[in-house]
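What follows is calculated from the coordinates using simple rules that are stated; it is not laboratory data. Computed from a prediction, not measured in an experiment: that's the story for all the values here. Reconstructed Cβ throughout: ideal geometry from the backbone, glycine too, with neighbour counts over all protein chains shown.
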Amino acid sequence: MPSRLVAGNWKMHGNRAANRALLDAVVAGIAGLNGVECAVCVPFPYLGEVAGQLANTRLALGAQNLSEHAHGAFTGEVSAPMLAEFGCRYVLVGHSERRQLYGETDAAVAAKFAAALGQGITPILCLGETLAEREAGKTEEVVGRQLEAVFRANDRKLFENAVVAYEPVWAIGTGRTATPQQVQEVHFFLRNRLQGTRLLYGGSVKKENAAALFALPDVDGGLIGGASLVAVDFLEIVKAAVRAAQEKG
Ligand code: PGA
């Protein structure tokens, strides 16, 4: 299993001055920490500047979305070759906000997953159920269907170069983290289908709950939204992942 991963998802937040200060603090804070990979997924306009700031640091660059097409008449879209040119190592694919607010289908998500890998960019494939789906007992059905759509369009071997993030929609940005038991159940379900793939949990991960989540047998790290915008919080979460890596081996 490759090293654990803690990835920040800034969503549509930031400005050039704030980004610089945040990244300076994070880069300095992770300098002495080993055994966990760290990344930040930033808005498109900042990619070039952030790439420069992160050059020769241990913090990897990521984007939050990409087009399934390589180039062409797709106004407003950004392609995998463009992300590769800026040195993106990761890209979020199928985040629930993309699925819910922008109508991304399972098929589009599968095509984006392939487009990223085609450029050597590691997709972080996001899966997760809504509250209504959980309450109807459909969590595994929904997460399984989302995963199956990507399996159908991509060779299973490619998943060794991918990351999967379980992000229950009801836990994202709500402060309502899934319980360790709920997380482990879904991660166990995913692990049975994805032996060599890093599995992240996302959804209101905070410095207070990160240790309990990262200690779970089938959790290999986290996808962090709100807490990734505050350097001390993000660093505490990374440290929790480092400790979990030492304890779990
Ligand atoms: P959150 O977001 O940590 O703010 O809940 C997680 C995500 O959407 O990736």
What residue among 60, 227, 18 has the largest mean-square fluctuation in a Gaussian network model of the chain, using Cα springs under 10 Å?
18
Please turn the phi angles of region 46-53 into ³J(HN,Hα) values with the Karplus equation 6.51 cos²θ - 1.76 cosθ + 1.60 (θ = phi - 60°), one per residue in order, whole Hz, x for glycine and proline.
8, 4, x, 5, 5, 4, x, 5
Members of 206/248; 112/239; 11/207; 112/138 lying beyond 27 Å, as alpha-carbon distances in this model show
112/239
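If I take R0 = 30 Å and measure r between the Cβ atoms of residue 51 and residue 101 in this structure, what FRET efficiency does the formula 1/(1 + (r/R0)^6) give, to the nearest 0.05? Mind dumping the intermediate values first?
Numbers: r = 27 Å, r/R0 = 0.90.
My answer for the efficiency is 0.65.
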Return the long-range amide H neighbours of residue 122 (sequence gap of 5 or more, or a different chain), with a cut-off of under 5 Å between placed amide H atoms.
90, 91
Using amide H atoms built in the peptide plane, which far-off residues or other-chain residues are under 5 Å from residue 222 H to H?
5, 6, 7, 201
With the chain treated as a Gaussian network of Cα nodes joined by springs under 10 Å, which of 73, 39, 171 yields the largest mean-square fluctuation?
73
Which residues among region 193-231 fall inside the zone where the amide N is under 17 Å from a point 7 Å beyond the Cα of residue 176, along Cα→Cβ?
202-206
In whole Å, what are the Cα extents of region 1-59 along the three principal axes, biggest one first?
33, 20, 15
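Work out the length of the dipole vector of the chain about its Cα centre, built from +1 on the beta-carbon of each Lys and Arg and -1 on the beta-carbon of each Asp and Glu, and round it to the nearest 20 debye.
Dipole size: approximately 360 debye.
Work out, in µm²/s and without decimals, the Stokes-Einstein translational diffusion coefficient of region 4-248 at 10 °C, 1.306 mPa s, Rh from Kirkwood over C-alpha pairs. Write down the numbers at each step before the final one.
Working: Rh = 17.8 Å.
So the translational diffusion coefficient is about 89 µm²/s.
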